[in-house]
1. Quick one: which of Arg106, Arg84, Arg102, Arg54 is surrounded by 16 or more Cβ atoms within 10 Å (Cβ to Cβ) and assigned by TED's automatic domain parsing to the domain that holds Gly198?
2. In region 345-384, which residue that is in contact with a strand residue (DSSP E or B) (Cβ under 6 Å, 6 or more places away or on another chain) and away from ligand 1 (no atom under 16 Å from the Cβ) is nearest to Ser139 (Cα to Cα)?
3. Sort through Ala90, Ala118 and tell me the only one that's in contact with a Phe, Trp or Tyr (Cβ under 9 Å, 6 or more places away or on another chain) and within 16 Å of ligand 1 (Cβ to nearest atom).
4. Could you list, ordered by first residue, the pairs with Cβ atoms under 8 Å in which the first is in region 127-140 and among the aliphatic types (A, V, I, L, M) and the second is part of a loop (DSSP other than H, G, I, E, B), at least 6 apart or interchain?
5. Do we have Ile94 as at negative phi, surrounded by 16 or more Cβ atoms within 10 Å (Cβ to Cβ) and touching a strand residue (DSSP E or B) at 6+ places or on another chain (Cβ under 6 Å) here?
6. Might you let me know whether region 32-51 holds any residue that is in a loop (DSSP other than H, G, I, E, B) and under 27 Å from the mean Cα position of the chain (by Cα)?
7. Is one or more of the residues making up region 388-399 polar (S, T, N, Q) and either free of Cβ contacts under 8 Å to residues at least 40 places away in the same chain or crowded, with 17+ Cβ neighbours inside 10 Å (or both)?
8. Can Ser139 be described as within 19 Å of the chain's Cα centre (by Cα), polar (S, T, N, Q) and modelled with pLDDT of 95 or more?
Amino acid sequence: MRRLDASDPGFAAAFDALVNDRRESASDVSADVAAIIARVKAKGDAALADYTARFDRFDLDARGWSISKAECAAAYDGLAPELRDALNLAAERIRAYHAAQRPEDRDYRDGTGARLGARWGAVDAAGVYVPGGRAAYPSSVLMNIIPAKVAGVERIVMVTPTPDGATNPVVMAAAHIGGVDEIWRVGGAQAVAALAFGTKRIAPVDVVTGPGNAWVAEAKRQLYGVVGIDMVAGPSEIVVVADGRNEPHVIAADLLSQAEHDPTSQSILFTDDSDFADAVAVAVAAVIPTLATASTMQESWAANGAVIVVPTLADAIPLCDRLAPEHLELAVDAAEADALFAKVRHAGSVFLGRHTPEAIGDYVAGPNHVLPTGRRARFSSGLSVTDFMKRTSFLALDEGALAAIGPAAIALAKAEGLPAHALSVQNRLK
Ligand SMILES: NC(=O)c1ccc[n+]([C@@H]2O[C@H](COP(=O)([O-])OP(=O)(O)OC[C@H]3O[C@@H](n4cnc5c(N)ncnc54)[C@H](O)[C@@H]3O)[C@@H](O)[C@H]2O)c1
Ligand SMILES: N[C@H](CO)Cc1c[nH]c[nH+]1
Ligand SMILES: [Zn+2]
């Protein structure tokens, strides 16, 4: 863990190093992924079977490629009632939040009489990636599928690894609630490539969404253009801005909640209280060995964790903006949280006040937990209904509207040296 103090002379360089640390994109990940994509493109299902045997220790041909809707319904029926209620509560809240995201079509006439507008439509088929290497993610099933359904996607294809052949009943129950059409037991970069190119078994999709580890995130990045993607949602991150009036063990757990996802996850604390910074570091060290995910948290915290003391909490905000974290917690009184939030420019999702742990957003709050990582909140946003849709603009002119705006088009076409464009307009002008 790095302990930095903004008043130290070497702080600027040390913070630059933290910001520029490309912890999830070692060049070997990029090269590995390029090789996997090329092999899936060339060999299709055979490559999927090989990679699944290698990475998930699972023989697809012997034990089955897919999970049926009937299996998912049975998993739902077999769930303990409190878990079923929790999934349904999460689903309802996620649905309500995303229903409000459905964009409006536009259709209007301007002063020339021209009719202009844009019509939104869903993609035909969406592939949703549900991670499953180190943990099972029923919450990510809901976060992916529900916005796709709200968008009106007709074919929703889920891919998820089943390491050692073990299926997860809560993941299957969530797929039942969401209403998935196909589930394929493949993960990693190879699954994303299969969705993008299609194989004999898996028909291609138009868009691939969802989170995953460094290989999954890099595969989406490399395949963008062959297929649409939501954004690059890789190993989880959290930045917490906290004053010294918090309990150190409460903030320690918030930091560890994201450190436990992946050894390449990142957790950073900013505080204006040096004693509190030390107390949180002590609490983190004390909590780690008590939890089942200790080794992942230890690796992540040791390699990527940071505790940073700033003169005032307001000084932390421009530094947070440079990190553009996936999650930002403002653990201060409500009024101060609002004031700090007003200054935040770059973050995937922000959690305001002392009573809003980021982990609530992972499960039941409603906003999507699939969020940009690796500083990409500078230019991208969390998964939304519009990631499963596209907009078609349209235009209808009558003679009067064409007469009003046509001559300008002719002038511009001539200036560009494109006479057929000019003629195409000129021919219709009286
Ligand atoms: N940003 C977000 O919105 C968000 C949300 C949820 C989870 N996450 C992240 O998702 C990730 C889940 O990771 P996971 O590992 O549990 O599951 P995963 O499904 O993302 O990855 C498992 C797959 O990775 C591939 N893989 C593993 N090692 C490999 C190697 N050496 N070479 C090539 N491929 C390899 C395998 O194919 C394996 O099936 C975590 O990093 C977590 O932080 C992010
Ligand atoms: N924190 C993850 C996004 O980075 C989402 C998640 C799912 N389950 C638990 N957490
Ligand atoms: Zn989480």
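The values are calculated or read from the model by the stated rules, or taken from the named source; none is laboratory data. Remember, it's a predicted structure, so these values are computed and weren't measured experimentally. Positions of Cβ are generated from backbone atoms using ideal geometry, with glycine treated the same way; all protein chains shown enter the neighbour counts.
1. On the way: Arg106 fails: surrounded by 16 or more Cβ atoms within 10 Å (Cβ to Cβ); Arg102 fails: surrounded by 16 or more Cβ atoms within 10 Å (Cβ to Cβ); Arg54 fails: surrounded by 16 or more Cβ atoms within 10 Å (Cβ to Cβ).
It is Arg84.
2. Per the criteria, the residue is Leu352.
3. Among Ala90, Ala118, only Ala90 is in contact with a Phe, Trp or Tyr (Cβ under 9 Å, 6 or more places away or on another chain) and within 16 Å of ligand 1 (Cβ to nearest atom).
4. Qualifying pairs under 8 Å: Val128/Val180; Val128/Gly210; Val130/Tyr137; Val130/Thr160; Val130/Gly210; Ala135/His261; Ala136/Asn168.
5. Values: at negative phi: yes; surrounded by 16 or more Cβ atoms within 10 Å (Cβ to Cβ): yes; touching a strand residue (DSSP E or B) at 6+ places or on another chain (Cβ under 6 Å): no.
It is false that Ile94 is at negative phi, surrounded by 16 or more Cβ atoms within 10 Å (Cβ to Cβ) and touching a strand residue (DSSP E or B) at 6+ places or on another chain (Cβ under 6 Å).
6. Of all residues in region 32-51, those in a loop (DSSP other than H, G, I, E, B) come to 44.
Keeping just the survivors that are under 27 Å from the mean Cα position of the chain (by Cα) gives 44.
Yes, the conditions are met somewhere in region 32-51.
7. If we filter region 388-399 for residues that are polar (S, T, N, Q), which is where we start, we get 392-393.
Next, only the ones that are either free of Cβ contacts under 8 Å to residues at least 40 places away in the same chain or crowded, with 17+ Cβ neighbours inside 10 Å (or both) stay: none.
Looking for residues that are polar (S, T, N, Q) and either free of Cβ contacts under 8 Å to residues at least 40 places away in the same chain or crowded, with 17+ Cβ neighbours inside 10 Å (or both), one finds none in region 388-399, hence no.
8. Numbers: within 19 Å of the chain's Cα centre (by Cα): yes; polar (S, T, N, Q): yes; modelled with pLDDT of 95 or more: yes.
Yes.
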